[in-house]
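This report concerns only the one structure given below.
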Amino acid sequence: MTPLWTKKELIVAANAIDPSSNFLGNVSGIWGVSIDDRTIKKGDLFIALKGDKFDGHDFVENAIKKGAYGIMVSDKKLANKYKALLVKDTKIALKQIAKFSRHRFKGTTIALTGSSGKTSTKHLISNSLQKFGKVHNTYGNNNNLIGLSLTLSRLHDYYNYCVLELGMNKTGEIRELTKIAKPDIALITNVSNSHIQNFNNEKEIAAAKSEIFLGLNKNGVAIINSDSLWSEYLIKKAKKSSAKIHLFGHTKVSNTKITELIDDKEGSTISYDNTKNWHLKNLNTTQAINAIATISVIKELKLCHTTSEKIISNIKPLSGRGKKLTINFSQKHKTYVIDDSYNANPASMKSALCNFYKTKIKLSSFKTVLIIGDMLELGKDTTETHLALIPMINKINPNVLITIGAYTKKITNKLSSEINYNSFLTTTSLLKKLHQFIKPNQLILVKGSNGVGLWKLIPVLKNINQEKCNVA
């Protein structure tokens, strides 16, 4: 096999020098790129980045012990000592390597952004494309500048597809990312008021998301959610980049048009274009919209959408993004946990509560437990936005409501008097008492912003001490 990077390519890409004249020695090249000595693999290039709280140069020796074939540093003494490549700034060098990699890649690049659903949609697209060729994609949600640069630095030029997730929390970030990604297809899943504390209004968020079109290659395609309040605005922005427009959603003008979307058993059933009753076994109606966005990509690539349908039908939600967990207390007594703990904004919280209500109706014999944490980065409207959840919570009428944080606590003051609630300031304080709330035959939703740390609850719930929970 051909190595990921040769010595010559790295020197050219990073504008590096080889002070010892012995970088890589007799090794033909490197097979991976890493900035973390804890997860480095044999054959990797270790790039020593400097951060606010760490300096990768302090971990060079450990990276070599763990099998790194090559090192890249910005310290001349270390470069000579460890036969490393020397660059002026390792973070800039990583970015330059990413640009070089993207330039040499001749496959198709799909980039996506949005206020929610980015990682889930990337997961659906990547899995769908695997039937049609080799696919490289963003790992997890590493969607900032370093994450994108790392992803592209690991891209083999002989792959067929590259799927990139682009994230932001302020204006200008998507612009920088898309000009590195240079997508052939750019997708915006949706626009809502997440991260609004860094913007004056939602229109500014839509404008920031629309920057993804600035990096589109010639004859590029812009895929836009036609159901979005900002669809016309996004279309105008995409046209300025001479993009071909592809709309998906319920509206009549949609190129991929949803004609029916219903809850069905564990998942949902969707009809679109001439496709009838496509059953998604594990994806709810919110995730079904992500599936339609994926089909839009498949159609633009002129690939077989029925093949993708079969793949998506069996895909389960990712951890933290609606994945369903089961606590088995006994053969007859189970509790279900909907793990939506990764993050939350007003739109995704409302969607999660609506889907939870629908699931409650299906599992009417189960008692319901809502565990919701604060939604962060909402600026001056934070209190009002949290209080807007009250009607939906009252409609669910959970047997137990658990809030984590100062803003969700304010909800409890105006709830129906029938709802039993418990408020905690932090996830850590809840963890100490979590067992007393978890019983057999419950349906539990865990949802909150990432900064609240509700994801810490999931390993505990997975391994709940069954002996401390009495079977009802």
Rounded to the nearest 10 Å², the accessible area of residue 61 using a 1.4 Å probe with every protein chain kept is 90 Å²
Extension length gain for residue 134 and residue 420 (0.36 nm per residue less Cα distance), in nm, is 97.8 nm
Computed for the chain: size of charge dipole around the Cα centre, +1 on C-beta of each Lys and Arg, -1 on C-beta of each Asp and Glu, debye to nearest 20, value 580 debye
Expressed per residue, the solvent accessible area of the chain in Å² (1.4 Å probe) is about 46 Å²
Note: residue 229 to residue 156 extended length (0.36 nm per residue) minus current alpha-carbon separation gives 22.4 nm
To the nearest 20 debye, segment 61-198 has a Cα-centred charge dipole, built from +1 on Lys and Arg Cβ and -1 on Asp and Glu Cβ, of 480 debye
Stokes-Einstein, Kirkwood over Cα pairs, segment 158-279, 25 °C, 0.890 mPa s; D in µm²/s equals 157 µm²/s
Expressed in Å to one decimal, the Kirkwood Rh of segment 31-131 from all distinct alpha-carbon pairs is 15.5 Å
With only helices counted (DSSP H, runs n ≥ 4, each -39500 (n - 2.57)), the per-residue ellipticity at 222 nm for the chain, to the nearest 500, works out to -9500 deg cm²/dmol
With R₀ set to 45 angstrom, the calculated FRET efficiency between the beta-carbons of residue 463 and residue 21, to the nearest 0.05, is 0.25
Of every hundred units of 1.4 Å-probe accessible area on the chain, the number belonging to carbon and sulfur atoms, as a percent, is 49 percent
Rounded to whole angstrom, the alpha-carbon centroid of segment 71-131 lies from that of segment 399-466 at a distance of 38 Å
Subtracting the Cα-Cα distance of residue 387 and residue 242 from 0.36 nm times their residue separation yields 48.0 nm
Ordered by number, the trypsin sites (Lys or Arg not before Pro) in segment 159-216 that occupy a DSSP loop and have at most 14 other Cβ atoms within 10 Å are 170
Zone reached by a paramagnetic label modelled 7 Å from residue 263 Cα along Cα→Cβ, restricted to segment 363-389 with backbone N below 19 Å, covers 363-372, 389
Restricting to Cα pairs under 8 Å and 6 or more apart, the percent relative contact order of the chain works out to 10 percent
Scaled by the rule-of-thumb 2.2 N^0.38 Å, the alpha carbon Rg for segment 282-441 gives a ratio of 1.18
Between residue 310 and residue 80, the two model label points (7 Å from Cα along the beta-carbon direction) sit apart by a distance in nm of 6.3 nm
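The values are calculated or read from the model by the stated rules, or taken from the named source; none is laboratory data. Small disclaimer: the values here were computed from a predicted structure and weren't measured. No Cβ is skipped: glycine too gets one built from the backbone with ideal geometry, and neighbour counts run over all protein chains shown. Just the protein is used for accessible areas: all its heavy atoms, side chains included, with ligands, DNA and RNA removed. Shrake-Rupley method; radii C 1.70, N 1.55, O 1.52, S 1.80 Å.
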